[in-house]
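Report on one structure; see the data block that follows.
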Amino acid sequence: MTLDNFIKFTPKEEEAKVSRLIETLSGLGIECARTIEERVDLQFDALKNLRENLGDNELFLKLVVANSVVSYQLSGKGEDWWWEFSAYFSENPPGEGIARAYALFLPGSRTNRRLTAGKVKRLQKLEPFLARLTVEDLRDYYFTGMERLRDDLAKAMNAGRDAKTIVFAVKMFGYAGRIAFGEFVPYPMSIEIPEDVRIKAYTKRFTSGPPVRFWNRVAEKTGIPPLHIDSILWPVLGGKREVVERLKKHCGEKAEKVLTLRDL
């Protein structure tokens, strides 16, 4: 495997470190990422719980997208936030619109109580787009073509197509679609990794360049879409003990390969 492009792209870093990253990810592949997503990620469990309690695929999928666009500046761990969301809406399905429901929910949230007014405004901007969608739209148009969801969400929110909450919404929608429709659809290669604090810090080990561009190049080299790479890195970067234990339980010998990524 030639790393000429990486040498040019990461002039201040050692070629060997990038080579080990690519080799490790290539050995793990999309199937390892799927196992992590569906059996290790606590957020996936939170979504399964919500779907079971709501019994309504359309509302479930719309709530997941809505929750994704306000999943920033958290006051707790992301996993805890998604479980709080799941528990709340399992007991309190929106009756007068999603934005109105969040206006009641967020001020009392334990894990997402910052910037609540701005988050409700974001949902007010998003809600007309969500209101137009049927479950058939969500299944046949967006779940099978997640680039379309990214593009239409970005337009509805007046945001960039690579904005963190936009691409994260696509990732969580992918989770929700698997749960609602019982089918695995890999993430498209063209959708970027969410550029959050963890990813920014980790990327600095390999390059001083833009993280999104770097991980796009890694995706090209490994054949693993960026959103699935994000899933592989997540147990390493999150540091939650329960997640690491689940990783070891469900991923077997590949768990150790995943954990070697934290030492690069």
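The values are calculated or read from the model by the stated rules, or taken from the named source; none is laboratory data. Since the model is a prediction, treat every value here as computed from it, not as a measurement. Heads up, the Cβs are rebuilt from the backbone with ideal geometry, glycines too, and the neighbour counts pull from every protein chain shown. For accessibility, only protein heavy atoms count, side chains too; no ligands or nucleic acids. Shrake-Rupley method; radii C 1.70, N 1.55, O 1.52, S 1.80 Å.
Taking each residue of the stretch 38-64 that is closer than 29 Å to LYS249 by Cα and of a type in the set (S, T, N, Q) and looking for partners that are open to solvent by less than 20 Å² (accessible area, probe 1.4 Å) and modelled with pLDDT under 95 with beta-carbon atoms closer than 7 Å, six or more apart or interchain, yields GLN43/GLU79.
Among the residues of the stretch 239-258, those identified as in a helix (DSSP H, G or I), without any contact (Cβ under 8 Å) to a residue 60 or more places away in the chain and farther than 18 Å from ARG34 by Cβ are ARG241, VAL244, GLU245, GLU256. Restricting to the stretch 186-205, name every residue that is touching a Pro at 6+ places or on another chain (Cβ under 7 Å), in contact (Cβ under 8 Å) with a residue 12 or more places away in the chain and open to solvent by 30 Å² or more (accessible area, probe 1.4 Å). Once the filter is applied, which keeps residues that are touching a Pro at 6+ places or on another chain (Cβ under 7 Å), in contact (Cβ under 8 Å) with a residue 12 or more places away in the chain and open to solvent by 30 Å² or more (accessible area, probe 1.4 Å), the stretch 186-205 yields PRO186, MET189, GLU192, GLU195. Can you tell me which residues in the stretch 84-103 are in a helix (DSSP H, G or I) and either of a type in the set (Asp, Glu) or without any contact (Cβ under 8 Å) to a residue 12 or more places away in the chain (or both)? GLU84, GLU91, ARG100, listed by residue number.
Which of the residues belonging to the stretch 206-215 are in a loop (DSSP other than H, G, I, E, B) and without any contact (Cβ under 8 Å) to a residue 24 or more places away in the chain? Show your work before the answer.
Residues of the stretch 206-215 that are in a loop (DSSP other than H, G, I, E, B), as a first pass: 206-210.
The answer is PRO210, and nothing else.
Every residue, every condition in (1) open to solvent by 30 Å² or more (accessible area, probe 1.4 Å); (2) of a type in the set (S, T, N, Q), yes or no:
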site: GLU147; (1), (2): yes, no
site: ASP152; (1), (2): yes, no
site: ALA159; (1), (2): yes, no
site: ASP162; (1), (2): yes, no
site: THR165; (1), (2): no, yes
site: ALA169; (1), (2): no, no
site: TYR175; (1), (2): no, no
site: ILE179; (1), (2): yes, no
site: PHE184; (1), (2): yes, no
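Quick check: anything in the stretch 46-53 assigned to a helix (DSSP H, G or I), surrounded by fewer than 18 Cβ atoms within 10 Å (Cβ to Cβ) and not polar (S, T, N, Q)? There is at least one residue in the stretch 46-53 that is assigned to a helix (DSSP H, G or I), surrounded by fewer than 18 Cβ atoms within 10 Å (Cβ to Cβ) and not polar (S, T, N, Q). Sub-8 Å Cβ pairs linking a first residue in the stretch 129-158 that is on the phi > 0 side of the Ramachandran plot to a second residue that is surrounded by 14 or more Cβ atoms within 10 Å (Cβ to Cβ) and at pLDDT 95 or above, at least 6 apart or interchain, are ASN158/LYS125, ordered by first then second residue.
The set of residues in the stretch 130-154 that are basic (Lys, Arg) and in contact with a Phe, Trp or Tyr (Cβ under 8 Å, 6 or more places away or on another chain) comprises ARG139, ARG148.
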